[in-house]
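Take a look at the structure below.
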Amino acid sequence: RGEFGNIYHVYCSFRAHRGIPGLGGAFTTKAESGGGVLIDWGIHYFDLILYILGAPELKTLTANAYNEMAKDIKSYTYKSMWAEETMDPEGTNDVDDMVTGFIRTSGSSISFNGAWAQNVDIDDTYIDFLGDKGGARLDYCKKYEFWNGETLEHEVPEYELGAMYKEE
């Protein structure tokens, strides 16, 4: 509807405190998947961002990937694990557990930070869309907020979450 004006930048954060999927599985073993947090979580964020932006042409990507937190699985202390039943303390984690980068497209630029595990006890999972007329934050699978740059009004629209995302 034009409420954003020109969306010139998108910032994406998909970070968790001391988590990791089941160790030794498809997401933590390079030989099985070839990726870590980026292929597990990041791809869903990028799919959504590129869809909302109208599939701009990708120009360049600059990124760093790190495997620092759980590279020694035997001594890694985790807070949560979404696939606890697949936990293998003798397993492998030889993929990225943290990524950061910048993407240039034919339209908006995109910057991102993602981590399965960080030593900051904050889970940040959101996408900020910055436009010259308005901006929005989409809390992934939760809610979104919109700030109107012309009226300076802040909106938190009411909507029904899908059944699998309802909060208790």
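See the values below:
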| item | result |
| --- | --- |
| 29 Å Cα-Cα reach of residue 71 towards lysines, excluding residues that sit fewer than 8 places from it in its own chain | 30, 79 |
| Stretch gain in nm, segment residue 47-residue 150, where the contour uses 0.36 nm per residue and the Cα spacing is subtracted | 34.1 nm |
| Residue 33/residue 75 FRET efficiency (R0 35 Å; Cβ-Cβ; nearest 0.05) | 0.90 |
| Cα gyration tensor shape for the chain, rounded if a/c is under 1.5, else prolate or oblate | prolate |
| Spin-label model distance (nm) - residue 59 vs residue 137, 7 Å beyond Cα toward Cβ | 2.8 |
| Rounded percent of accessible protein surface that carbon and sulfur make up, the chain, 1.4 Å probe | 52 |
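The values are calculated or read from the model by the stated rules, or taken from the named source; none is laboratory data. These numbers were taken from a predicted model, which means no experiment stands behind them. Neighbour counts are summed over all protein chains in view; Cβ atoms, including those assigned to glycine, are modelled from backbone coordinates with ideal geometry. These accessible areas exclude ligands, DNA and RNA; they are computed on the full protein's heavy atoms, side chains included. Shrake-Rupley method; radii C 1.70, N 1.55, O 1.52, S 1.80 Å.
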